[in-house]
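A.B. asks: Before we start, here is the structure in question, set down as structure tokens.
The values are calculated or read from the model by the stated rules, or taken from the named source; none is laboratory data. Given the structure is predicted, the values throughout are model-derived calculations rather than measurements. Note that each Cβ is placed from the backbone with ideal geometry, even for glycine, and that neighbours are counted across all protein chains shown.
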């Protein structure tokens, strides 16, 4: 079970962790919210989760590259 949890934490998007850090809420509560809301709302929170993951990945990509035109 521990290996499965480590696998998901390593390869997941980190949306719940990031939201938990920003809102000062336990990550497990946010994960449970997404799971229960997905059952109740027939999967629409999954779309929200993927949208947040895309935004986080895009922002990370923008931070990595050099935004200066006059770099050289």
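A.B. asks: Does the stretch 1-25 hold any residues that are touching a helix residue (DSSP H, G or I) at 6+ places or on another chain (Cβ under 6 Å) and either assigned to a helix (DSSP H, G or I) or over 27 Å from residue 61 (Cβ atoms) (or both), and which are they?
C.D. replies: Our first condition is that a residue be touching a helix residue (DSSP H, G or I) at 6+ places or on another chain (Cβ under 6 Å); within the stretch 1-25, this holds for 13, 15-17, 19-20.
Within the stretch 1-25, 15, 16, 17, 19, 20 qualify.
A.B. asks: While we're on this one: In the stretch 43-52, what residues are out of contact with any helix residue (DSSP H, G or I) (no Cβ under 7 Å at 6 or more places or on another chain) and either at pLDDT 85 or above or part of a helix (DSSP H, G or I) (or both)?
C.D. replies: Step one: of the stretch 43-52, the residues out of contact with any helix residue (DSSP H, G or I) (no Cβ under 7 Å at 6 or more places or on another chain) are 43-44, 47-48, 50-51.
Those that are out of contact with any helix residue (DSSP H, G or I) (no Cβ under 7 Å at 6 or more places or on another chain) and either at pLDDT 85 or above or part of a helix (DSSP H, G or I) (or both): 44, 47, 48, 50, 51.
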